[in-house]
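The values are calculated or read from the model by the stated rules, or taken from the named source; none is laboratory data. Here the structure is a predicted model, which means the values were calculated and not measured. Counting neighbours? That spans all protein chains shown, and the Cβs are built from the backbone with ideal geometry, glycine included. Heads up: the accessible areas ignore ligands, DNA and RNA and are worked out on the full protein's heavy atoms, side chains in. Shrake-Rupley method; radii C 1.70, N 1.55, O 1.52, S 1.80 Å.
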Amino acid sequence: MKRAGVVALNTFREAVRDRVLYNLLFFALLMMAASVIAGQISIGIEQTVIVTLGLSAISLMGLLISIFIGVGLVSKEMDKRTLYAVLAKPLRRWEFLLGKFGGLVLTLAVNVAAMAVGLFLALIYVKPELERGDATVLIAVYFIWLKLALVVALALLFSCFTTPLLAILFTAGIYIVGLYVQELRNMPMQMMSGGMTLFTKWLSFLLPNFENFNIMAMAAHSRQVPGTLIAQNTLYAAIYCAIVLTAAVVVFSRRNLK
Amino acid sequence: MTAPAIETENLTKEYPHGFLNLKKRNSLEGLNMQVETGEIFGFIGPNGAGKTTTIKLLMRLIFPTAGTARILGKPISDIDMHRDVGYLPEQPYFYDYLSAAELLDYFARIHDLPATVRKERIEKMLQKVGLETAGKIQLRKYSKGMLQRAGMAQAILHDPKVVILDEPMSGLDPIGRREVRDIILGLKHEGKTVMFSTHILSDAEMLCDRVGVIVGGKLRGVGAPEQLVGVKAKATEIFFELTGQSAAPLLAKATRTGDRYRLQVPEAELYDTIDQLRAAGAKILSAAQVRATLEEFFMDLVEADRAQAAAVEVSGK
């Protein structure tokens with residue numbers, strides 16, 4: 001486990017040195033522009049505009065990092081053959097995978113936290129006195145981070161057995177479908193055949209439900225988030241990540257490195 | 001009796017290829033080989049012979065189709081075995097955003113070396129491979145030879161008992177090759193076992209206690225270099241100086257450089273030839289036995305393998 005931590009810290013260092021955190025600069029500029037414009041054009045709903053825009057930007061930037069860097073976590077190492085010397089050390093393949101996952105999730109945590117600070121600064125600019133309900137924004141950011149961890153796990157799994165391009169497509173595809181899992185569950189089943197009903201039902205439970213992590217509307221209106229939702233989402237992300245990572249380990253442990 | 005440092009038993013690797021991966025191509029066929037403790041073992045063969053496949057199998061980077069292997073008595077599936085083994089990949093490439101010192105620190109942490117030992121060991125290794133002044137430069141700025149040196153440093157960083165090097169001289173200039181040779185000999189003096197693959201036969205001849213020759217995925221011969229090529233001299237080379245042309249029939253067979261000549265004669269004709277040369281007024285500078293080289297032995301095997309492959313292709317079997 002200690003060795004997985006060593007790999008995680010190195011993955012974090014790689015992300016920092018590859019200038020992944022430069023997106024923060026873009027986010028800062030976006031937030032500054034948004035707070036100035038929102039103050040001028042949206043009378044009375046500045047907070048809603050800033051929070052919605054800020055959380056959407058955090059989610060989008062996080063997704064881009066999770067998918068593109070997540071897919072490269074293993075495939076880049078295989079392509080460049082940096083993996084050879086690493087796996088010849090007393091390091092189990094699952095430790096390596098867990099370390100890579102942990103490193104990117106840590107990078108995302110730092111990234112998302114820094115963007116959350118930027119969002120709060122913009123919020124203070126349009127609304128100098130913060131309320132207790134504004135803390136919901138923090139919970140929304142936490143949920144985005146959980147969602148991103150899940151996306152990283154999926155990207156890692158796909159990159160273990162397919163090409164980087166296909167892994168990007170699969171991960172992005174599952175993310176998009178995962179946003180509509182609730183709609184899939186609410187489909188009028190009586191109009192479908194028995195087999196199709198069963199398939200749709202299973203699929204809706206098999207796919208990750210990314211919409212669970214979206215509380216943007218609650219955050220924009222400073223509504224309280226129930227504690228059970230926080231616990232439920234945390235547990236859901238942890239269990240789903242564990243299952244996906246286990247599958248990735250099973251695939252990667254049998255893979256011949258060309 | 002000491003257990004061999006490296007031991008393989010019927011080690012086989014097939015790669016699927018063709019439509020739906022239905023065909024199989026043998027990259028390594030039933031390799032039975034032993035590398036004794038404390039020796040330098042050279043693994044030689046042409047490109048695609050199966051050298052790197054064997055090494056990758058030993059390091060568990062790929063998995064065998066059949067057979068087993070043990071290093072220091074432990075099965076290669078045992079992760080603890082890697083604590084005592086150092087490995088240099090072929091054409092090594094490392095994280096280019098790290099400096100050599102950072103790379104070594106990363107690997108030392110994976111080996112769980114304590115902080116105090118790490119610092120001292122890293123400095124020592126950088127010095128050993130001649131990178132002490134470049135240790136803080138990012139690896140993306142390194143030349144191929146410098147990367148090879150960094151690779152050597154990481155392979156021996158944790159003081160392993162067995163060192164496996166895949167083409168360690170590749171990409172190095174003559175000075176670098178000499179330094180790597182010295183490191184390999186140094187490791188032997190420290191009692192370590194070194195196995196390295198190469199296609200530079202002079203290096204193998206110079207360094208190895210024993211060599212294994214692999215051609216077409218099959219081990220074709222194992223033994224001391226002089227044992228493999230045979231101890232019997234195949235001819236004697238006479239080196240002499242002559243100003244006139246009085247020994248014309250002999251001179252026709254000789255190689256000339258100015259007034260000096262080299263002439264290879266069978267052992268049975270040696271004394272007769274010397275007498276004739278002396279009679280013609282030649283000054284004999286030296287006479288030395290000519291032995292078959294490892295290169296000749298190697299080329300014979302490769303040619304035989306190619307001929308066999310061609311015959312199989314023609315007969316369709």
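Summary table
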| item | result |
| --- | --- |
| Chain A: angle of helix A:194-206 to the longest principal axis, Cα-based, in degrees nearest 10 | 80 |
| Subset of A:K2/B:K51; A:K201/A:K258; A:K76/B:K51 violating a 28 Å alpha-carbon distance limit | A:K2/B:K51; A:K201/A:K258 |
| Low-density loop positions, GluC sites (Glu not before Pro), the range A:104-212 - DSSP coil, at most 11 other Cβ in 10 Å | A:E129, A:E131 |
| On Cα atoms only, tilt of A:23-41 relative to the major axis of chain A in degrees | 20 |
| Residues whose placed amide H lies under 5 Å from that of B:A235, excluding near-sequence neighbours | B:V290 |
| Average beta-carbon neighbours from other chains, 10 Å sphere, peptide A:86-96 | 6 |
| Which of A:T48, B:T243 is most accessible, then next, and so on - probe 1.4 Å | B:T243, A:T48 |
| Net dipole in debye of the protein assembly as shown [+1 Lys, Arg Cβ; -1 Asp, Glu Cβ; about Cα centre; nearest 20] | 780 |
| Within the protein assembly as shown, helix-based [θ] at 222 nm, where runs of 4 or more DSSP H residues each add -39,500 (n - 2.57), nearest 500 | -17500 deg cm²/dmol |
| Most fluctuating residue given options B:H17, B:H82, B:H158, as computed from a GNM of chain B linking Cα atoms under 10 Å | B:H17 |
| Ranking by accessible area, most exposed first, for B:V129, A:V49 with a 1.4 Å probe | A:V49, B:V129 |
| Nearest-ten-degree value, helix A:227-253 long axis tilted from longest Cα axis of chain A | 20 |
| For chain A: relative contact order, % (alpha-carbon pairs under 8 angstrom, 6 or more apart) | 28 |
| Relative contact order %, chain B, counting alpha carbon pairs below 8 Å whose residues are six or more apart | 19 |
| Total accessible surface hidden between A and B, rounded to 100 Å², 1.4 Å probe | 2900 |
| Interchain or long-range residues, amide H under 5 Å from B:G221's placed H | B:V213 |
| For chain A, built as a Gaussian network whose Cα springs stay under 10 Å, the top-fluctuating residue of A:L106, A:L24, A:L229 | A:L229 |
| Inter-chain shielding of B:47-59 (mean C-beta neighbours from other protein chains, 10 Å cut-off) | 1 |
| Shielding score for B:95-103, defined as the mean number of other chain Cβ atoms within 10 Å | 3 |
| Relative contact order, percent, the range B:235-290 [alpha-carbon distance under 8 Å, six or more residues apart] | 54 |
| Placed amide H near A:R92: partners under 5 Å, 5+ positions off or other chain | none |
| Whether the range B:6-224 is rounded, prolate or oblate, judged on the alpha carbon gyration tensor where a/c under 1.5 counts as rounded | prolate |
